[in-house]
1. May I ask you to say which residue of Ala42, Ala95 is surrounded by 13 or more Cβ atoms within 10 Å (Cβ to Cβ), assigned to a helix (DSSP H, G or I), in contact (Cβ under 8 Å) with a residue 60 or more places away in the chain and small (Gly, Ala, Ser)?
2. Can Ala78 be described as under 15 Å from Ala42 (Cβ atoms), of a type in the set (A, V, I, L, M, F, W, C) and surrounded by fewer than 12 Cβ atoms within 10 Å (Cβ to Cβ)?
3. Among the listed residues Ala18, Ala62, Ala78, which satisfies the condition of being of a type outside the set (S, T, N, Q) and modelled with pLDDT under 95?
4. Can you find a residue in region 56-74 that is under 13 Å from the mean Cα position of the chain (by Cα) and not in a strand (DSSP E or B)?
5. Among the numbered criteria (1) within 13 Å of the chain's Cα centre (by Cα); (2) touching a residue at least 24 places away in the same chain (Cβ under 8 Å); (3) surrounded by fewer than 20 Cβ atoms within 10 Å (Cβ to Cβ), which single criterion is violated by Ile26?
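The values are calculated or read from the model by the stated rules, or taken from the named source; none is laboratory data. Predicted, not measured: the structure shown is a model, and the values here were computed from it. So basically every Cβ, Gly included, is an ideal-geometry build from the backbone, and we count neighbours across all protein chains shown.
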Amino acid sequence: MLIFKIFRAEEWASLQAAGETAGAPIDLADGYVHFSTAAQAAETAVKHFAGEHNLTLLAVEADRLGDDLKWEVSRGGALFPHLYRALRMEDVVWAMPLPLENGVHRFPAGLSEASG
(Lines give C-alpha, C1' and ligand atoms only; values in the text may rest on other atoms or scores of the structure.)
Protein backbone atom coordinates (compact mmCIF):
# COMPACT_ATOMS: atom_id res chain seq x y z
CA MET A 1 0.00 0.00 0.00
CA LEU A 2 1.34 3.41 -0.94
CA ILE A 3 1.19 6.21 1.61
CA PHE A 4 1.87 9.85 0.81
CA LYS A 5 3.86 12.80 2.11
CA ILE A 6 3.55 16.37 0.89
CA PHE A 7 6.72 18.46 1.07
CA ARG A 8 7.40 22.09 0.36
CA ALA A 9 10.21 22.74 -2.16
CA GLU A 10 12.87 23.35 0.49
CA GLU A 11 11.87 20.22 2.45
CA TRP A 12 12.05 18.07 -0.70
CA ALA A 13 15.40 19.60 -1.68
CA SER A 14 16.75 18.90 1.81
CA LEU A 15 15.72 15.24 1.64
CA GLN A 16 17.33 14.88 -1.78
CA ALA A 17 20.57 16.54 -0.64
CA ALA A 18 20.93 14.77 2.72
CA GLY A 19 19.41 11.41 1.76
CA GLU A 20 17.13 11.48 4.79
CA THR A 21 15.03 13.85 6.86
CA ALA A 22 13.18 13.99 10.14
CA GLY A 23 10.47 15.80 8.16
CA ALA A 24 8.76 19.15 8.04
CA PRO A 25 8.44 21.45 11.08
CA ILE A 26 5.19 19.73 12.18
CA ASP A 27 6.97 16.35 12.04
CA LEU A 28 9.86 17.64 14.13
CA ALA A 29 7.42 19.07 16.69
CA ASP A 30 5.40 15.85 16.92
CA GLY A 31 8.36 13.44 16.87
CA TYR A 32 7.33 11.45 13.80
CA VAL A 33 6.86 11.90 10.05
CA HIS A 34 3.21 12.41 9.14
CA PHE A 35 1.83 10.52 6.13
CA SER A 36 -1.62 10.22 4.56
CA THR A 37 -3.36 7.46 2.69
CA ALA A 38 -4.59 8.16 -0.84
CA ALA A 39 -8.06 8.82 0.57
CA GLN A 40 -6.67 11.30 3.14
CA ALA A 41 -4.15 13.19 0.99
CA ALA A 42 -6.47 15.82 -0.51
CA GLU A 43 -7.84 16.77 2.91
CA THR A 44 -4.27 16.98 4.23
CA ALA A 45 -3.41 19.34 1.37
CA VAL A 46 -6.41 21.56 2.17
CA LYS A 47 -5.77 21.58 5.91
CA HIS A 48 -1.99 22.07 5.93
CA PHE A 49 -1.01 23.44 2.50
CA ALA A 50 -3.92 25.64 1.34
CA GLY A 51 -2.83 28.06 -1.35
CA GLU A 52 0.79 26.86 -1.36
CA HIS A 53 2.71 26.45 -4.60
CA ASN A 54 5.85 24.40 -5.29
CA LEU A 55 4.76 21.29 -3.42
CA THR A 56 5.94 17.76 -4.12
CA LEU A 57 3.91 14.63 -3.47
CA LEU A 58 5.98 11.63 -2.38
CA ALA A 59 4.77 8.04 -2.44
CA VAL A 60 6.22 5.49 -0.03
CA GLU A 61 5.45 1.76 0.19
CA ALA A 62 4.10 1.27 3.71
CA ASP A 63 5.14 -2.39 3.89
CA ARG A 64 8.81 -1.44 3.47
CA LEU A 65 8.80 0.68 6.63
CA GLY A 66 8.34 -2.24 9.02
CA ASP A 67 7.72 -1.64 12.69
CA ASP A 68 8.77 2.01 12.41
CA LEU A 69 5.38 2.79 10.83
CA LYS A 70 2.48 3.10 13.27
CA TRP A 71 -1.19 3.64 12.38
CA GLU A 72 -2.60 6.06 14.90
CA VAL A 73 -5.89 7.85 15.44
CA SER A 74 -5.80 11.44 14.27
CA ARG A 75 -8.10 13.84 12.40
CA GLY A 76 -11.74 12.83 12.70
CA GLY A 77 -10.87 9.57 14.46
CA ALA A 78 -9.26 8.15 11.29
CA LEU A 79 -6.08 6.09 11.38
CA PHE A 80 -3.09 7.90 9.88
CA PRO A 81 0.35 6.43 9.13
CA HIS A 82 3.17 7.91 11.25
CA LEU A 83 6.83 7.04 10.68
CA TYR A 84 8.97 6.91 13.83
CA ARG A 85 12.35 7.23 12.14
CA ALA A 86 13.91 9.43 9.50
CA LEU A 87 12.39 9.29 6.03
CA ARG A 88 15.09 8.12 3.62
CA MET A 89 15.37 8.76 -0.11
CA GLU A 90 15.44 5.01 -0.61
CA ASP A 91 11.94 4.85 0.94
CA VAL A 92 10.53 7.06 -1.82
CA VAL A 93 8.86 5.07 -4.61
CA TRP A 94 8.09 8.17 -6.66
CA ALA A 95 7.83 11.92 -6.32
CA MET A 96 5.97 14.39 -8.50
CA PRO A 97 4.86 18.00 -8.44
CA LEU A 98 1.57 18.77 -6.71
CA PRO A 99 0.37 21.77 -8.70
CA LEU A 100 -2.09 24.34 -7.41
CA GLU A 101 -4.78 25.02 -10.01
CA ASN A 102 -7.62 27.44 -9.33
CA GLY A 103 -6.86 27.24 -5.63
CA VAL A 104 -6.95 23.42 -5.46
CA HIS A 105 -4.04 21.00 -5.52
CA ARG A 106 -4.26 18.63 -8.47
CA PHE A 107 -3.35 15.10 -7.49
CA PRO A 108 -2.09 12.54 -10.03
CA ALA A 109 -4.74 10.66 -11.99
CA GLY A 110 -3.73 7.41 -10.29
CA LEU A 111 -4.86 8.81 -6.95
CA SER A 112 -8.45 9.31 -8.01
CA GLU A 113 -9.78 8.85 -4.50
CA ALA A 114 -7.42 11.60 -3.30
CA SER A 115 -8.40 14.12 -5.93
CA GLY A 116 -12.04 14.47 -4.99
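1. Working: Ala95 fails: assigned to a helix (DSSP H, G or I).
Ala42 is the lone residue from the list that is surrounded by 13 or more Cβ atoms within 10 Å (Cβ to Cβ), assigned to a helix (DSSP H, G or I), in contact (Cβ under 8 Å) with a residue 60 or more places away in the chain and small (Gly, Ala, Ser).
2. On the way: under 15 Å from Ala42 (Cβ atoms): yes; of a type in the set (A, V, I, L, M, F, W, C): yes; surrounded by fewer than 12 Cβ atoms within 10 Å (Cβ to Cβ): no.
Considered against the rule, which asks whether it is under 15 Å from Ala42 (Cβ atoms), of a type in the set (A, V, I, L, M, F, W, C) and surrounded by fewer than 12 Cβ atoms within 10 Å (Cβ to Cβ), Ala78 comes out as no.
3. Numbers: Ala18 fails: modelled with pLDDT under 95; Ala62 fails: modelled with pLDDT under 95.
After applying the criteria, what remains is Ala78.
4. First, pick out the residues of region 56-74 that are under 13 Å from the mean Cα position of the chain (by Cα): 56-62.
In the following step, the residues that additionally are not in a strand (DSSP E or B) were identified as 62.
Yes - at least one qualifying residue is present in region 56-74.
5. (2)
Table: residues versus (1) surrounded by 18 or more Cβ atoms within 10 Å (Cβ to Cβ); (2) among the charged types (D, E, K, R); (3) touching a residue at least 40 places away in the same chain (Cβ under 8 Å).
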site	(1), (2), (3)
Lys5	yes, yes, yes
Arg8	no, yes, yes
Thr21	yes, no, yes
His48	no, no, yes
Glu52	no, yes, yes
Asp67	no, yes, no
Asn102	no, no, no
